Amino acid sequence: MSAERAVFLSDLHIREAGDPSARALLSFLDTVPADVLVVLLGDVFDWWYGMPGHVPAALAPVVERLEGRELIWVEGNHDMRIARAVGDRLDVRIGPQTIRVGGLSIDARHGDLVEQDRVGYRLLRGFLRSPLMGAACSVLGPRLSQRIGYAATSAKHGVDGGLGFDGRKQSWLDAALSHAQARRAEGQDLAVLGHGHWLGWWDEGLVCLGDWLHWCSYLEVDASGARLMRFDGGASAVLAEQPVGAVPR
């Protein structure tokens, strides 16, 4: 996949179209030309397990605004099997993507699998994407499945200390830095990750997108290079144009 210009963002954790993160996204999209590739690196919604042909009413306005754009949506660990619901309307993908933008080769992924020693998480992740889980959700129906999913994510946020800054973990960042070094050895210029809720740009070629939920942060790439950005008050501002490590609050 290649593009002349792209923006990368992740971790919006939207529950309904009226959420602040959703309103900021829709405002941001108004400023992005239609020919710019928008890459969503997972957890666009706080929980959505795709059911064939069904879009939750609370999320439908956001989905409708994404239609018709140059777009890649890479599933995260809070939005799964989404292609079953909107694969005929949006380009939904699973797993890492290599995207060439403005002369840069970018490894783009959600980032929940960079900690390779988390066997328990990998087993849970596999189960959530299994036919058995799909069958269970079909029996429960979309509304009850959504309610159970929100209850589970709310409990997880409580254990992790809440979404965003308090949920950042050094072990994840260390694994992400090793991941970026490995990608650079393979010839990639940047490894762009969501999931960890860190925001920054490191010498190893790692760009962590922070989270749109709190930062409205994103990476912009074009022929002139890459820039870590923040959208605020209807306008965008540059946070970094080169490696700076973690961006402070």
Query raised in the report: Peptides 5-13, 92-100: what's the order by average Cβ count within 10 Å, highest mean first?
Result: 5-13, 92-100
Report summary line: Tilt, helix 119-128 to longest principal axis of the chain (alpha-carbon atoms), in degrees rounded to tens, equals 50
Query - On Cα atoms only, tilt of 131-140 relative to the major axis of the chain in degrees - result: 50
Requested in this report: Write out the GluC sites (Glu not before Pro) in region 45-97 meeting two conditions: DSSP loop, and at most 10 other Cβ atoms within 10 Å of their Cβ.
Outcome: 67
Query raised in the report: Which order, highest average first, do 172-182, 26-36 follow once you tally other Cβ atoms within 10 Å for each residue and take the mean per peptide?
Result: 172-182, 26-36
Report task. Would you look at the GNM of the chain, springs on alpha carbons closer than 10 Å, and say which of 103, 141, 200 moves the most? Result -> 141
Report summary line: In Å, the C-alpha Rg and Dmax of the chain are 17.1, 51
Query raised in the report: Where does region 1-84 land on Rg/Rh, using Cα atoms and the Kirkwood Rh?
Result: 0.94
Query raised in the report: Do you know the relative contact order of the chain, to the nearest whole percent, from alpha carbon pairs under 8 angstrom that are 6+ apart?
Result: 22
Query raised in the report: Relative to the first principal axis of the alpha-carbon coordinates of the chain, what is the inclination of helix 142-160, with its axis defined by its Cα atoms, in degrees from 0 to 90 and to the nearest 10?
Result: 50
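Throughout, read-outs are computed from the coordinates displayed, never taken from laboratory work. As the structure is a computational prediction, the values presented were derived from the model and not from experiment. Neighbour counts are summed over all protein chains in view; Cβ atoms, including those assigned to glycine, are modelled from backbone coordinates with ideal geometry.
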